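**Q** Quick one: structure below, then a few questions.
The values are calculated or read from the model by the stated rules, or taken from the named source; none is laboratory data. Note that the structure is predicted; figures quoted are calculated from it, not measured. Cβ atoms come from the backbone with ideal geometry, glycine included; neighbour counts cover every protein chain shown.
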Amino acid sequence: MNLQNEQQPIDNIFIKEAASVTKFMSNVFLYMTGALALTGFVAYWASGQEAIINAMFNEEGGLNILGYAVMFAPLIFVLIMSFAFNRLSYTALFLLFAAYSFVNGISFSFIFLAYTGSAIATTFFITAGTFSIMALLGYTTKTDLTKFGSILYMGLIGIILASLVNWFLGNSTLDYIISILGVLIFTGLTAYDVQKLKNIGAGQTGDETTRKLVLMGALTLYLDFINLFLFLLRLFGGSRD
């Protein structure tokens with residue numbers, strides 16, 4: 001029996017799987033980076049457009065119907081992409097992702113009004129560094145992070161509920177605690193989601209379903225990055241006031 005000849009097909013399987021994972025993850029990070037760049041550019045541009053800003057506020061200085069629509073529209077895009085994944089084509093999913101990134105940029109334009117440019121830049125680089133470290137950890141670790149993911153998602157539900165309650169209470173101490181927990185949760189979710197996507201990427205063939213999974217993976221990591229950035233900004237960004 002020639003063991004070397006038997007080992008060769010097994011080696012080829014592992015090589016193809018590794019190549020599939022590398023290509024899948026590279027495309028995920030490429031789309032995520034493109035979406036973040038689009039959001040950042042639109043946010044910066046919109047913050048300097050007085051007509052756009054004024055159109056989202058009423059005479060009393062609060063958000064009007066358009067303002068609330070812009071704030072909550074990104075959530076609608078995410079829900080559509082998630083629940084209509086099987087019915088949507090790759091092109092439709094891509095256009096929704098691009099539209100989501102654009103609208104998110106409009107809603108994030110308020111950040112440039114509330115925080116200084118230096119605070120935003122510093123927080124962005126801290127977020128990028130933290131995200132990169134945790135993404136690398138999730139990609140390289142041999143530890144199964146599934147059980148941690150379940151705990152983190154339960155924690156995420158908790159801070160969403162706490163944030164809704166604090167929207168009415170306006171308690172600064174609770175807001176500070178929520179921000180700390182938010183940073184911890186999305187730091188952990190970054191590692192968990194990268195590992196999950198790495199497992200999904202193994203054995204993908206490059207068909208339309210694969211390309212759709214790439215977009216959803218990019219959306220997942222985009223959300224991890226954005227939320228980590230926002231919670232860090234609330235903690236360390238200060239404000240113009």
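**Q** Is it the case, given these coordinates, that residue 161 is loosely packed, with under 15 Cβ neighbours inside 10 Å, in a helix (DSSP H, G or I) and at pLDDT 90 or above? Walk me through it before giving the result.
**A** Numbers: loosely packed, with under 15 Cβ neighbours inside 10 Å: yes; in a helix (DSSP H, G or I): yes; at pLDDT 90 or above: yes.
When the stated conditions are applied, residue 161 passes them.
**Q** Do you know which residues across region 29-59 are over 17 Å from the mean Cα position of the chain (by Cα) and assigned to a helix (DSSP H, G or I)?
**A** 44, 45, 46, 47, 50, 51, 52, 53, 54, 55, listed by residue number.
**Q** Within the set of pairs 6+ apart or on separate chains, which have a first residue in region 33-62 that is in contact (Cβ under 8 Å) with a residue 24 or more places away in the chain, a second that is of a type in the set (Val, Ile, Thr) and surrounded by 15 or more Cβ atoms within 10 Å (Cβ to Cβ), and C-beta atoms under 6 Å apart?
**A** 46/52; 46/106
**Q** Counting just the residues of region 190-238 that are more than 13 Å from the chain's Cα centre (by Cα) and among the acidic types (Asp, Glu), which one comes out nearest to residue 23 (Cα to Cα)?
**A** Per the criteria, the residue is 207.
**Q** Does region 109-152 hold any residues that are under 24 Å from residue 78 (Cβ atoms), among the aromatic types (Phe, Trp, Tyr) and modelled with pLDDT under 90, and which are they?
**A** Scanning region 109-152 gives 110, 112, 148.
**Q** I'd like to check something: does region 96-103 contain any residue that is more than 21 Å from residue 211 (Cβ to Cβ), part of a helix (DSSP H, G or I) and under 18 Å from the mean Cα position of the chain (by Cα)?
**A** Taking region 96-103 as the starting set, the residues that turn out to be more than 21 Å from residue 211 (Cβ to Cβ) are 103.
In the following step, the residues that additionally are part of a helix (DSSP H, G or I) were identified as 103.
In the following step, the residues that additionally are under 18 Å from the mean Cα position of the chain (by Cα) were identified as 103.
Yes, because at least one residue in region 96-103 is more than 21 Å from residue 211 (Cβ to Cβ), part of a helix (DSSP H, G or I) and under 18 Å from the mean Cα position of the chain (by Cα).
**Q** Of all residues being in a helix (DSSP H, G or I) and touching a residue at least 40 places away in the same chain (Cβ under 8 Å) in region 71-95, which is surrounded by the fewest Cβ atoms within 10 Å (Cβ to Cβ)? Just the residue, please. Talk me through it step by step, then tell me what you get.
**A** Filtering region 71-95 for residues in a helix (DSSP H, G or I) gives 71-83, 90-95.
Filter once more, keeping what is touching a residue at least 40 places away in the same chain (Cβ under 8 Å): 78, 81-82, 90, 93-94.
On the way: 78: 18, 81: 19, 82: 11, 90: 16, 93: 22, 94: 16.
Looking at the filtered set, the residue picked out is 82.
**Q** While we're here: In this structure, does residue 182 turn out to be of a type in the set (Gly, Ala, Ser) and more than 26 Å from residue 57 (Cβ to Cβ)?
**A** yes
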